[in-house]
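Have a look at the structure below, then the notes.
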Amino acid sequence: MTPVSNAPRQLLRRLHGIMAGAGSAEQRLTETVRLVASNMIAEVCSVYFLRGGEILELFATEGLKSSAVHNTRLRVGEGLVGHIAATAMPLNLSNAQKHPKFVYRAETGEEIYHSLMGVPILRSGKVVGVLVIQNKTQRHYMQEEKESLQTVAMVMAELVSSGDLFNPLEQQEATLERAATSRFEGMVLAEGMAEGVAVFHEPKIEVVKHLTDDIPQEKTRLGTALQSLQDQIDDMMSAEDMRHQGEHQEILDVYMLFAKDKGWKTKIEAIIDTGLTAEAAVEKVQLNNRARMQKMSDPYMRERLSDLDDLANRLNRHLMGRVGTAASENLPDKVILVADDMGPADLLDYDREKLCGVILQDGSPTAHVSIVARALGIPMVGQMENALLAVVEGERVIVNGVAGIVYFSPPTEIMQSYRESIESRDAMLAEYDALRDLPAKTLDGVEVELLVNAGLSIDMEGLQRTGADGVGLFRTEFQFMISSTLPRVDPQAEFYRDILDAADGKPVTFRTLDIGGDKPVSFLKRDDEANPALGWRAIRIAFDRPALLRYQVRALLKASEGRELNIMFPMITDVSEFKMAREILNKEIDRQKRRKSPTPIKIRVGTMLEVPALIWQLDNLLPLLDFISIGSNDLLQFFFACDRENPKLAGRYDPISPPALMMLKSIVDKCETHKVPITLCGEIGSKPVTALALLAIGFRRLSIAPAAVGPVKMMIRSLDLAGLEAYMAELLSRSDHSLRGLLTAFAKDHGVKI
């Protein structure tokens, strides 16, 4: 029969006595491992702490050889203990010695123990140690036991924060060593360059009291803090500059949904019942959420962790009376914000006149905060590993959001060099702004239509700022991705109407839902797929769930009353699919007419070309279309059989290689024969040198990122297109891996600004 642990509350009560008792930190640690081993019917309980950032040292044990204490050391990632530290995830094994990460250490005498459960010891979200129990028999520890061990690990983190376990001089030397390196590399989350003063986004929220004897009082504190949190979000939602912010408003709606979630409150109260304080209970629920969501294969769901972390941190700040972030303080003129991670609502709290850049310890390009930073033009670098341990509030910081480099207190010569680079970049941006109202026309008189890609309300600011000719691709799925239920027709229509109003008469092409793949929606259950990019997504979902497309089309028709509607369908693979989608649209148009509802004055219908199979059906497809748009990101991914999200394949294949350009040129030629307008939407059009290649093979309409309009227009206005076309005709028959170098040399020789 599997042993069952004693009640968690009894364990916490005894743990409370040990932590409050006399004796050194190590003595209390030794008493704690004995208590855990006894309470959880484990023959071994051991605790390891990090020394010097990368070494896990055995600090106390019950069951292993006492001589191993302070002598057994493992690197992070080495052995099962190192694996737990590296992943920050619990491990539950009935036969630990069969695990590929198992490492035998003779000095411990652990070879007789088979089952093992370990949990990370976390402080401020970072691993500082590992707590492990072991048994001779092969057993699988229960969920209740894992949660008890996690609770003990939370309390053990208090010993680290107290500083009693480590020599203060040793900690100081480690900090100085980290600070000696002022240059750190990370990931570009939002492009740009900035220089300013480091400001910590929020005070470090560290739970220092985990145990309580007054459970009703803790529940009362929780209720008060939750109400205060909801009031704070209400205030943010009602702020004057937030009333018409589209997705910003919707993101805050999601925040409020979580803040009012009764299930969240119930889980926290259940943990308070075990004897934890409200702050510790909030922290533990979020640890459980993090462990569950990190196991998900879906990248979108994993990246929502930052939103949940932000909400949990906000709640704990209310509980601890430390509600304000740096946004509520008197900030210096040039702020470089520093944070472990943050939510989009936090970013929107700041004075945009003072906020110059952001550095995140974590962060992801597809997280909401990154999307908002790009829309606002705020340089952001993330994934900085341990770099933030080196920064001191108030020191000078440089953020290179082009190369993904950050400098803390840089030497004078580096500071001067970057100031010149920033000035040069600002001057270049001013040149782009000066081109705003000028046509994108080559030196030999060929006009090119430059459109922008969009998906957020705030992206529409880029349309006006750049003077682009319209929106060539409006991605409609974001509104669905942040909703817990299928958005109803009227809210959809209102959103699309706002987009058309913001376009102020310029054309907007709406792409119908491209959900699935890496863009899940919570209201649509789906199975795990080995290749989601090639699976149940976009128009394929719409055909199986036609209400999704019908309601969206109905909303688009309603929003476009009295205006022109441009609509296109994604992921069309053969002509029959386009006909099916067009039939759904026609039925909704007929429905509008039968109801005598106003309709758009003109409806233009097209498709995305993203699947190579469609290229060989163009003669049959093009007569049915008003326009066609190439989704170059997906098309080239499928063309090269190369996952564009795989870092190991980054740069392996070049979109301006002869085979890719010949494929694209064949599409342009077919469209010209059938007199069907063609637009290229995607990253390939957003860089001057790749846009140069596209113009050379016949493209005259590019839909690109708003930030790319200025550089691409400058390139176009410096180009003699006839000379480039003649040169490209010679290149397409070559076997080169890439034509990038040759085109760059051509531009340099002919004064083309790339």
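Taking the stretch 727-745 as the range and being without any contact (Cβ under 8 Å) to a residue 24 or more places away in the chain, exposed (fewer than 13 other Cβ atoms within 10 Å of the Cβ) and touching a helix residue (DSSP H, G or I) at 6+ places or on another chain (Cβ under 9 Å) as the test, only 729 passes.
Results for (1) out of contact with any Lys or Arg (no Cβ under 7 Å at 6 or more places or on another chain); (2) within 23 Å of residue 700 (Cβ to Cβ); (3) in the same structural domain as residue 567 (by TED's automatic domain parsing); (4) at pLDDT 90 or above, shown as yes or no for each residue.
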residue: 463; (1), (2), (3), (4): no, yes, yes, no
residue: 470; (1), (2), (3), (4): no, yes, yes, yes
residue: 473; (1), (2), (3), (4): no, yes, yes, yes
residue: 478; (1), (2), (3), (4): yes, no, yes, no
residue: 482; (1), (2), (3), (4): yes, no, yes, no
residue: 486; (1), (2), (3), (4): yes, no, yes, no
residue: 497; (1), (2), (3), (4): yes, no, yes, yes
residue: 503; (1), (2), (3), (4): yes, yes, yes, yes
residue: 507; (1), (2), (3), (4): yes, yes, yes, yes
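Against the test of being under 32 Å from the mean Cα position of the chain (by Cα) and either surrounded by fewer than 22 Cβ atoms within 10 Å (Cβ to Cβ) or not assigned by TED's automatic domain parsing to the domain that holds residue 671 (or both), the options 605, 611 yield a single qualifying residue, 611. Out of curiosity, is residue 446 in contact (Cβ under 8 Å) with a residue 60 or more places away in the chain and in the same structural domain as residue 549 (by TED's automatic domain parsing)? Yes.
Filtering the stretch 61-82 down to residues that are in a loop (DSSP other than H, G, I, E, B), of a type in the set (A, V, I, L, M) and more than 38 Å from the chain's Cα centre (by Cα), which residue is farthest from residue 112 (Cα to Cα)? If we take residues in the stretch 61-82 being in a loop (DSSP other than H, G, I, E, B), of a type in the set (A, V, I, L, M) and more than 38 Å from the chain's Cα centre (by Cα), then 69 is farthest from residue 112 (Cα to Cα).
If only residues of the stretch 108-130 that are in contact with a helix residue (DSSP H, G or I) (Cβ under 6 Å, 6 or more places away or on another chain) and farther than 14 Å from residue 87 by Cα are counted, the one that is surrounded by the most Cβ atoms within 10 Å (Cβ to Cβ) is 116.
Residue-by-condition table, conditions (1) closer than 16 Å to residue 446 by Cβ; (2) part of a loop (DSSP other than H, G, I, E, B):
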position	(1), (2)
684	no, no
691	yes, no
699	yes, yes
702	yes, no
707	no, no
713	yes, no
724	yes, no
734	no, yes
737	no, yes
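Looking across the stretch 263-292 at every residue that is outside any helix (DSSP H, G or I) and of a type in the set (Val, Ile, Thr), the one that is farthest from the chain's Cα centre (by Cα) is identified as 274.
When residue 35 is tested against (1) over 17 Å from residue 136 (Cβ atoms); (2) out of contact with any strand residue (DSSP E or B) (no Cβ under 7 Å at 6 or more places or on another chain); (3) surrounded by 16 or more Cβ atoms within 10 Å (Cβ to Cβ); (4) modelled with pLDDT under 90, only condition (4) is not met. The helices (runs of 4 or more DSSP H) located wholly in the stretch 570-642 that include 1 or more residues which are β-branched (Val, Ile, Thr) and farther than 18 Å from residue 662 by Cβ occupy 575-594.
Name the one entry in 56, 50, 12 that is more than 22 Å from residue 136 (Cα to Cα) and part of a helix (DSSP H, G or I). Answer to the check: 12. The residues of the stretch 390-446 that are surrounded by 15 or more Cβ atoms within 10 Å (Cβ to Cβ), assigned to a loop (DSSP other than H, G, I, E, B) and touching a Gly at 6+ places or on another chain (Cβ under 9 Å), listed by number, are 401, 404, 435. Regarding the stretch 51-63, can at least one residue be identified that is surrounded by fewer than 15 Cβ atoms within 10 Å (Cβ to Cβ) and either under 21 Å from residue 154 (Cβ atoms) or of a type in the set (Lys, Arg) (or both)? Looking through the stretch 51-63, none of the residues is surrounded by fewer than 15 Cβ atoms within 10 Å (Cβ to Cβ) and either under 21 Å from residue 154 (Cβ atoms) or of a type in the set (Lys, Arg) (or both). Close contacts from the stretch 104-123, counting a first residue that is free of Cβ contacts under 8 Å to residues at least 60 places away in the same chain and a second that is acidic (Asp, Glu) and assigned to a helix (DSSP H, G or I), with Cβ to Cβ under 8 Å and a gap of 6+ residues or different chains, come to 104/110; 104/111; 117/145.
The values are calculated or read from the model by the stated rules, or taken from the named source; none is laboratory data. Every value quoted in this text rests on a predicted model; they were computed, and no experiment measured them. As a convention, Cβ positions derive from the backbone with ideal geometry for all residues, glycine included, and neighbour counts pool all protein chains shown.
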